[in-house]
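Remarks on the structure that follows.
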Amino acid sequence: MRILGVETSCDETAAAIIEEGTKILSNVVASSSKIHSETGGIIPERAARAQVETIIPVIEMAILDAAKSLGQNIRRGLANKWAKQNIDAVAVTAGPGLIGSLLVGVETSKALACVWKKPIIPVVHTLAHVYANWLTGIQPPKLPAIVLTVSGGHSDLLLMRNHGDFELLGGTRDDTAGEAFDKTARFLGLSYPGGPAIQKAASLGNPNRIKLPRPLINSGDFDLSFSGLKTAVIRAGEQKKIRNVDLAAATQSAICDVLVSKTLRAIRKFNVRSVLLAGGVAANQQLRDSLEKKAPVPTRTPPIDLCTDNGAFIASYAFFNYQPTSWRKIRAESDTHSLIKKYGNNKNKS
Ligand code: KG4
Ligand code: ZN
């Protein structure tokens, strides 16, 4: 089974063709993050416009690359015909995300599925991120697992009992971990996206020069909150003579401490067999190292290029949670709870 996965929830326009949910035949990602680095954050309309401009070339390239992987060098003009003959289904992110961006992927995928007469699977981006761990070419992770999905759009702790059996244990009450990195970076005058910039600056700083809060670390549940941390960083930066690199290091440590502490709590409570990192923030080295060191079960982290948004994990999710839906019923939307209920195929309690 070959699935074309399409992802346009934010500032990446991505398409990939995946075989049997695990083998990457192609994986093309175009990012408009350069445009957003000029403004220090994403302006939704600009992101959506970039999606419109790139979606067709990106899908076309994913098709040509997949054909190449299978030893067939085809001309661009034959991409459509090849896809019709060689792809079994189309999977697309239905949400959550920026609605203008989502619409581009959803409506394009619907059109392709209709023209190619293929099934279409709507995918909940938040749940799909973890499938980057099924694309690594090594043994699949052991289930049940605790999943920590941390990105610019979401910070969620999930219990994954099996494919199609996710329980949302907790999530952020305000800013996501990615936003905490991005907003702090903006305050420190670092580039967008903030995560890699903070990580780089932090490597030159001392995390102990200033004590930042660890929001909700002892709250006894699995909820997260990062907006207070951002405010504390801004206050510290304004009041004290502290180097930006030290502030970056302290911010990174505060975010990682909270995430690791909550994840360890979930591992202990649910007695799982592994812990899986997902989402753009999973690219953070301190988070990876700290979790690997402290977790009592094996930690799985995808390679960095699969952590950030791509079509590969969308297609992999669709393979392991195969639920074709009439295109008429698929709508782009941004409310996670409603999406999980509609398309998530899970036993979410919240
Ligand atoms: O998964 P992703 O590409 O898009 C969303 O679904 O949001 O995640 C993007 C987020 C951004 O907030 C970015 O700053 C963060 O992931 N990120 C990192 C690192 N690389 C990307 N955060 C911390 N450390 C990193 N190395
Ligand atoms: Zn994402």
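The values are calculated or read from the model by the stated rules, or taken from the named source; none is laboratory data. What you see is a predicted model, and the numbers here were worked out from it, not measured in a lab. Reconstructed Cβ throughout: ideal geometry from the backbone, glycine too, with neighbour counts over all protein chains shown. The accessibility values were calculated without ligands, DNA or RNA, using every heavy atom of the protein model including side chains. Shrake-Rupley method; radii C 1.70, N 1.55, O 1.52, S 1.80 Å.
Values for this structure:
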| read-out | value |
| --- | --- |
| Vicinal HN-Hα couplings computed from phi for the stretch 323-338 (Karplus, 6.51 cos²θ - 1.76 cosθ + 1.60; Hz; Gly/Pro x) | 9, x, 9, 4, 4, 5, 8, 8, 10, 6, 8, 10, 8, 4, 4, 5 |
| Average accessible surface area per residue within the stretch 1-66, 1.4 Å rolling probe, Å² | 41 |
| Shape call, the stretch 76-231: gyration tensor on alpha carbons, a/c limit 1.5 | prolate |
| Carbon and sulfur %, accessible surface of the stretch 54-168 computed with the full protein complex present, 1.4 Å | 55 |
| Prolate/oblate/rounded label for the stretch 1-96 (Cα gyration tensor, a/c 1.5) | prolate |
| Whether the stretch 48-121 is rounded, prolate or oblate, judged on the alpha carbon gyration tensor where a/c under 1.5 counts as rounded | prolate |
| Charge-dipole axis of the stretch 1-134 as Lys and Arg at +1 and Asp and Glu at -1 on Cβ define it, positive-most pick from T39, S69, S26 | S69 |
| Rounded to 10°, Cα long-axis angle of helix 99-116 versus longest principal axis of the chain | 20 |
| Structure-based [θ]222 nm, the chain - -39500 (n - 2.57) summed over DSSP H runs of at least 4, per residue, nearest 500 | -13500 deg cm²/dmol |
| Share antiparallel - DSSP beta bridges, the chain, percent rounded to 5 | 60 |
| With Cα atoms, 0 to 90° folded angle of helix 285-294 axis to the chain main axis | 80 |
| Per-residue ³J(HN,Hα) for the stretch 15-23, Karplus 6.51 cos²θ - 1.76 cosθ + 1.60, θ = phi - 60°, Hz, x for Gly and Pro | 8, 8, 10, 10, 9, 6, x, 10, 9 |
| Whole-percent pair-distance distribution, where bins are 5 Å wide, for the alpha carbons of the stretch 157-310 | 2, 9, 19, 22, 21, 14, 8, 4, 1, 0, 0 |
| Among 32-38, 75-81, 334-340, the order from most to least packed when residues are scored by Cβ within 10 Å on average | 334-340, 32-38, 75-81 |
| Nearest 10 degrees, 0 to 90: helix 177-187 Cα axis against the chain principal axis | 60 |
| Semi-axis lengths, Å, the stretch 271-328, gyration tensor of Cα atoms, sqrt of 5 times eigenvalues | 28, 15, 7 |
| Where the Cα pairs of the stretch 226-316 fall when distances are cut into 5 Å bins, in % | 2, 12, 20, 18, 17, 15, 9, 5, 2, 0 |
| Net charge dipole size for the chain [Lys, Arg +1 and Asp, Glu -1 on Cβ; Debye, nearest 20] | 500 |
| Accessible area of the stretch 115-246 divided out per residue, in Å², using a probe of 1.4 angstrom | 42 |
| Leading residue at positive end of dipole, the stretch 223-339 (Cβ point charges), from I304, L291, F320 | L291 |
| Fraction of the pair-distance distribution of the chain above 40 Å, Cα-Cα pairs, percent | 11 |
